[in-house]
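Student: Let me begin by handing over the structure; questions about it come next.
We did not get these values from a lab; they are worked out from the coordinates using the rules stated. In this text, all values refer to a predicted model and were calculated from it rather than measured experimentally.
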Amino acid sequence: MAVQNSSLAKLQSLNGIFAIYKKQGPTSADVLNVLKKALLKEAGVANPNPRKRKKQPLKIGHGGTLDSNASGVLVVGIGEGTKMLTTMLAGSKKYRAVAELGKATDTLDVTGNVVEEKSYDHITKEAFEEELRQFTGEIMQVPPLYSALKKDGQRMSVLLKQGQEVEAKPARPVTVYSLSLQDFSPPYFTIDVECGGGFYVRSLVDDLAKALSSGAHIKELTRTKQGQFTLEEHALKEDRWTWTDISQALQPCPKPAGQQKNAKKAKSKHKPTSSESEGDNGDQND
């Protein structure tokens, strides 16, 4: 029991954010529950139930939901890091999308039903690249109906699957920092996108195809960067979801400005003894 308490205490001492690799298939919430269960099991917690919200021995959350069909970087906050996700993920996100021309689906990706088929033979690589330029910078975008956005407290995607009617959310301003064509082999094409928050690559592909008088849907979507975290350098695969790997990858949370000022005031009133270090002023990261 002492060993379990020690391992759990060690796990609960982690405060910060890190990135994991989300595979294609499960939802972001499902992946988070697998991570949580693995960490609690390693800490010796018997039969952990990560879905149970009350009296959880571990505080953990993710920032920036990835669709179940998408893979790539999923940033996770642990301990006090759950409060810092919004602040520390203020930077851009990067995606690589593989899409198919000629077929539009209700979900705007390969998981949905085909609702329209249109010719794509008239679309040249030059025309495609010219149209891409129209979707760069500050643009207006209507979010997909099948999304994590909510209506009356419930996800729109859930309401649609229940057979309820859902109206599209109004168009909203989003930012596209860069957009480039990586491969054009009709009916398939691959694009790289760097964008700000609230942006949907599925909507981009749908809007782009409509502008070219056709239809399209995403077949594969990978998030290659979120904030400071990249797929190549930071995203931990499932076999590395351990205390040791996470503690090494953890980006600690900076203390709130108020705490830092108080720490500095405390330092000015306190003369260090011979056993204390001048640099150990309580101003370091957790």
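Student: Name the long-range amide H neighbours of residue 101: under 5 Å, sequence gap of 5 or more, or other chain; modelled H, no Pro or chain starts.
Tutor: Sorted by chain and number, the residues that satisfy this are 188, 189.
Student: Pop out the ³J(HN,Hα) list for region 207-215 in order, Karplus 6.51 cos²θ - 1.76 cosθ + 1.60 with θ = phi - 60°, rounded to Hz; leave Gly and Pro as x.
Tutor: Couplings: 5, 4, 5, 4, 5, 9, 6, 8, x Hz.
Student: Still on this model: Amide H to amide H, which residues 5 or more places from residue 141 or on other chains are under 5 Å from it, using H placed in the peptide plane?
Tutor: Here 172, 174 satisfy the definition.
Student: With θ taken as phi - 60° and the coefficients 6.51, -1.76 and 1.60, list the Karplus ³J(HN,Hα) couplings across region 13-27 in order, rounded to whole Hz; mark glycine and proline as x.
Tutor: Values per residue, Gly and Pro as x: 7, 6, 9, x, 10, 8, 10, 10, 9, 9, 7, 6, x, x, 6 Hz.
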